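For reference, the structure is listed below as structure tokens.
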């Protein structure tokens, strides 16, 4: 399995996707609510993220099974590229924008939806007899990258004194994940 180039690329890609996913889950509330100086009045805006993620989790598996069963890597790449655009737009958007809720929903959808592609792609790349090991290795890569990503994002906030650059780090992680998964074929 560790000699399977496509599988290793998928592990790297899900790692970058996890940086984005956990980055959004961890730092978006700080960005929107932390700016409210202790007031939770703007907390409702952050609900767009998990709502979008829920729809992404629900629909991506169905879409990949029905219309993209042989192209899960390309579907993941497209979703991650879209997530890069959405998170970059969040970087440009003022916190109080009336569009924040919707854009957070779109970003959540696009960042979480690739999960269905990755989890079904792993066993395809290594075979059914090693599907448990493949899932474990992919999951390990995802959490390891997510942990590293939180350190990078925290350092970025400390260095800049702002939470806006969080979205640039997340957009970069999305682009990296999309680029890495493109050559994977099975």
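The values are calculated or read from the model by the stated rules, or taken from the named source; none is laboratory data. Because the structure is predicted, anything quoted here is derived from the model rather than measured. Quick reminder, even Gly has a Cβ in these numbers, built from the backbone with ideal geometry, and neighbours come from all protein chains shown.
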Next item on the list: Collect the residues in region 61-74 that are farther than 18 Å from residue 173 by Cβ, in a helix (DSSP H, G or I) and touching a helix residue (DSSP H, G or I) at 6+ places or on another chain (Cβ under 6 Å), keeping them in residue-number order.
Entry: 61, 64, 72
Check: Which is surrounded by 18 or more Cβ atoms within 10 Å (Cβ to Cβ), farther than 29 Å from residue 30 by Cα and modelled with pLDDT of 95 or more, of 153, 180?
Finding: 180
Checklist line | Answer residue from region 141-178, given it is without any contact (Cβ under 8 Å) to a residue 12 or more places away in the chain and not in a loop (DSSP other than H, G, I, E, B) and is nearest to residue 80 (Cα to Cα) among those | finding: 147
Check: Looking at (1) within 29 Å of residue 125 (Cα to Cα); (2) surrounded by fewer than 18 Cβ atoms within 10 Å (Cβ to Cβ), which is the one condition that is false for residue 34?
Finding: (1)
Notebook entry, point to check: Are any residues in region 1-14 in a helix (DSSP H, G or I) and either without any contact (Cβ under 8 Å) to a residue 40 or more places away in the chain or crowded, with 24+ Cβ neighbours inside 10 Å (or both), and if so, which ones?
Noted result: 5, 8, 10, 11, 13, 14
Item checked: Sole residue being assigned to a helix (DSSP H, G or I), within 17 Å of the chain's Cα centre (by Cα) and under 26 Å from residue 48 (Cβ atoms), chosen from 80, 138 -> 80
Margin query: Take the conditions exposed (fewer than 15 other Cβ atoms within 10 Å of the Cβ) and either farther than 21 Å from residue 176 by Cβ or touching a residue at least 24 places away in the same chain (Cβ under 8 Å) (or both) and apply them to residue 44. Does it pass?
Written below: yes
Checklist line | residue 124 being assigned to a helix (DSSP H, G or I), touching a residue at least 12 places away in the same chain (Cβ under 8 Å), over 15 Å from the mean Cα position of the chain (by Cα) and surrounded by fewer than 18 Cβ atoms within 10 Å (Cβ to Cβ) | finding: no
